[in-house]
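Participant: I have a structure I would like to understand better, so I am pasting it below and will then ask my questions one at a time.
The values are calculated or read from the model by the stated rules, or taken from the named source; none is laboratory data. None of these values were measured; they are calculated from a predicted model. When we count neighbours, we look across all protein chains shown, and the Cβ atoms used for this are built from the backbone with ideal geometry, even at glycine.
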Amino acid sequence: MKDLIVTADDFGLAIEVNDAVEEAHAMGILTAASLMVGSPACADAVERAHRLPKLRVGLHLTLVEATPVLPPGLVPDLVDANGMFRSDMAKAGAAMFFRPSVRRQLEDEIDAQFAAFLATGLMLDHVNAHKHFHLHPTIAGTLIAVGHRYGMRAVRVPSEPLGIVRRIDPASPLAIPALTAPFTRMLRNRMVRAGLVVPDQVFGLAWSGAMTTDKLVAILDRLPPGLTEIYTHPATSGAFVGAAPGYRYAEELAALTSEPVKAALERSHALTGGFADFG
C-alpha cells in the first residue's frame with residue numbers, strides 16, 4: 001500500500017507562492033500546503049484555501065527568517081534588533097535549551113502561531129517547522145505540549161531514505177543527513193509516543209528548492225510502501241521578498257503540473273491526500 005502527500009511549504013509567504021500553490025493543486029499533483037501565519041500574504045493564502053476544500057492545510061511553524069506573530073517586545077530573546085527572528089540558529093537554540101525565560105517566550109510564540117491558524121477557520125491537517133527547527137529537542141517538546149491544546153494530529157519528521165536518494169543521484173551529499181540523523185530518530189520517537197501521525201519517509205531534504213520534473217519522476221517511480229510525504233517550494237517566480245537564493249521556484253511549479261510527473265504518479269498506484277486522509 002502506498003499513500004502519498006505532496007506538500008508546498010511557505011504558503012502565505014508571497015502572492016507568487018500562493019498563485020503557485022493554487023495552480024499546482026488545481027492543475028497538478030499538489031495535495032497539501034503549510035501556512036506561514038505571520039507572513040505578508042497569509043490572508044490571501046487563507047482566502048484561497050477556503051476556495052480549495054480538497055487542499056489540506058497545516059501550520060508551517062516559523063522561528064527563523066521571519067517576524068514573530070507576537071510583538072517583538074514580548075519575545076525579546078527570540079528576535080534581533082530589527083524585530084526579526086534571530087538567524088544564529090545554534091546560539092538561539094542554546095538559549096532555548098538552557099534559559100527558562102527564553103523557553104517561556106518560545107512557548108508563547110508557538111501558542112500564538114497555533115492560535116493564529118485556529119483563527120483562519122481552516123482544519124489543521126499537520127504541523128512542520130521552517131528549516132526543520134523542530135528537530136531541536138526544546139522546540140519539539142514545546143510543539144507537542146502546545147499542539148495538543150489545538151488538536152494537532154500529524155507532524156513532519158524529515159527522515160529521507162538515503163538509499164533511494166543515492167540511487168537517483170549518486171553525487172547527493174551525505175553530510176547534512178548524517179548530522180541530523182540522531183535528532184531525526186529522537187523526533188520520530190517523541191512524536192510517535194505522543195500519539196501523532198508521522199510519515200514513514202519524507203523527500204525534500206536532498207533537493208530542497210530543486211524538486212524538478214526529473215527528480216519527482218524518479219521519486220515516484222521508486223516510491224516505497226507506507227505513508228510518504230514529498231515537500232516542495234513552488235512559486236510563479238523567485239522575485240519576491242523572502243525568496244531563498246538559488247531556489248528553482250518556477251521549475252518546481254512546472255514539475256508539479258507536468259505530464260511526466262502525472263504519469264509517474266499514475267504508475268505508482270499511490271493514493272493521494274493530506275495527513276487527515278491517512279491518519
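Participant: Where the second residue is of a type in the set (A, V, I, L, M, F, W, C) and part of a loop (DSSP other than H, G, I, E, B) and the first is at positive phi and lies in the range 224-251, which pairs have Cβ atoms under 8 Å and are six or more apart or on separate chains?
Facilitator: From the range 224-251, the pairs are GLY226/MET1; GLY242/LEU13; GLY242/ALA14; GLY242/ALA66.
Participant: So, one more: Going residue by residue through the range 174-197, is there one that turns out to be within 15 Å of the chain's Cα centre (by Cα), modelled with pLDDT of 95 or more, outside any helix (DSSP H, G or I) and not hydrophobic (A, V, I, L, M, F, W, C)?
Facilitator: No, because not a single residue in the range 174-197 is within 15 Å of the chain's Cα centre (by Cα), modelled with pLDDT of 95 or more, outside any helix (DSSP H, G or I) and not hydrophobic (A, V, I, L, M, F, W, C).
Participant: Could I ask something else about it? Of these, ARG86, ARG51, ARG99, ARG104, which one is surrounded by 15 or more Cβ atoms within 10 Å (Cβ to Cβ) and charged (D, E, K, R)? Don't jump to the end; show me each part of the working.
Facilitator: Numbers: ARG51 fails: surrounded by 15 or more Cβ atoms within 10 Å (Cβ to Cβ); ARG99 fails: surrounded by 15 or more Cβ atoms within 10 Å (Cβ to Cβ); ARG104 fails: surrounded by 15 or more Cβ atoms within 10 Å (Cβ to Cβ).
None of the other options fit; the residue is ARG86.
Participant: State which residue is surrounded by the most Cβ atoms within 10 Å (Cβ to Cβ) when the search covers only the range 255-279 and only residues that are touching a helix residue (DSSP H, G or I) at 6+ places or on another chain (Cβ under 7 Å) and in a helix (DSSP H, G or I).
Facilitator: So the first thing to find is which residues in the range 255-279 are touching a helix residue (DSSP H, G or I) at 6+ places or on another chain (Cβ under 7 Å), and the list is 255-258, 260-261, 264-265, 267-268.
Filter once more, keeping what is in a helix (DSSP H, G or I): 255-256, 260-261, 264-265, 267-268.
Numbers: ALA255: 24, LEU256: 26, PRO260: 13, VAL261: 24, ALA264: 21, LEU265: 20, ARG267: 12, SER268: 17.
Looking at the filtered set, the residue picked out is LEU256.
Participant: Take the range 117-139 and flag every residue that is outside any helix (DSSP H, G or I) and in contact with a Lys or Arg (Cβ under 7 Å, 6 or more places away or on another chain). Give the derivation first.
Facilitator: Step one: of the range 117-139, the residues outside any helix (DSSP H, G or I) are 120-129, 136.
Passing the criteria: ASP125, HIS126, ASN128.
Participant: Which of the residues belonging to the range 120-159 are farther than 29 Å from ARG51 by Cβ and not hydrophobic (A, V, I, L, M, F, W, C)?
Facilitator: Within the range 120-159, LYS131, HIS132, HIS134, HIS136, PRO137, THR138, GLY141, THR142, HIS148, PRO158, SER159 meet the criteria.
Participant: Let me ask something else. Scan the range 33-53 and tell me whether some residue there is of a type in the set (Ser, Thr, Tyr), touching an Asp or Glu at 6+ places or on another chain (Cβ under 8 Å), at pLDDT 95 or above and farther than 30 Å from ALA95 by Cα.
Facilitator: no
Participant: Same structure again: Which residue out of LYS2, LYS91 is free of Cβ contacts under 8 Å to residues at least 12 places away in the same chain and either surrounded by fewer than 24 Cβ atoms within 10 Å (Cβ to Cβ) or touching a strand residue (DSSP E or B) at 6+ places or on another chain (Cβ under 9 Å) (or both)?
Facilitator: On the way: LYS2 fails: free of Cβ contacts under 8 Å to residues at least 12 places away in the same chain.
Going through LYS2, LYS91 in turn, the sole match is LYS91.
Participant: Right, something else. In the range 225-254, which residue that is hydrophobic (A, V, I, L, M, F, W, C) and assigned to a loop (DSSP other than H, G, I, E, B) is surrounded by the fewest Cβ atoms within 10 Å (Cβ to Cβ)? Steps first, answer last, please.
Facilitator: Step one: filter the range 225-254 for residues hydrophobic (A, V, I, L, M, F, W, C), giving 227, 230, 235, 239-241, 243-244, 250, 253-254.
Filter once more, keeping what is assigned to a loop (DSSP other than H, G, I, E, B): 235, 239-241, 243-244.
On the way: ALA235: 25, ALA239: 11, PHE240: 16, VAL241: 8, ALA243: 19, ALA244: 12.
Per the stated criteria, the residue is VAL241.
Participant: Right, here's the next one. Can you run down the residue pairs with Cβ atoms below 8 Å, 6 or more apart or on separate chains, where the first is in the range 51-62 and farther than 15 Å from ALA154 by Cβ and the partner is basic (Lys, Arg)?
Facilitator: So the pair list comes out empty.
Participant: In the range 225-238, what residues are small (Gly, Ala, Ser) and touching a helix residue (DSSP H, G or I) at 6+ places or on another chain (Cβ under 7 Å)?
Facilitator: Here is the first cut: in the range 225-238, the ones small (Gly, Ala, Ser) are 226, 235, 237-238.
Selection gives ALA235, SER237, GLY238.
Participant: Restricting the range 133-173 to residues that are of a type outside the set (A, V, I, L, M) and in contact (Cβ under 8 Å) with a residue 60 or more places away in the chain, which is farthest from VAL57 (Cα to Cα)?
Facilitator: Pass one, the range 133-173, residues of a type outside the set (A, V, I, L, M): 133-134, 136-138, 141-142, 147-151, 153, 156, 158-161, 163, 166-167, 169-170, 172-173.
Within this subset, residues satisfying the condition of being in contact (Cβ under 8 Å) with a residue 60 or more places away in the chain are 133-134, 153, 156, 161.
Working: PHE133: 19, HIS134: 18, ARG153: 13, ARG156: 13, PRO161: 25 Å.
In this case the residue turns out to be PRO161.
Participant: While we're here: Residue by residue through the range 140-163, note down the ones that are assigned to a helix (DSSP H, G or I) and closer than 16 Å to SER34 by Cβ. Reasoning before the result, please.
Facilitator: Just the residues of the range 140-163 that are assigned to a helix (DSSP H, G or I), to begin with: 140-149, 162-163.
Across the range 140-163, the qualifying residues are LEU143, GLY147.
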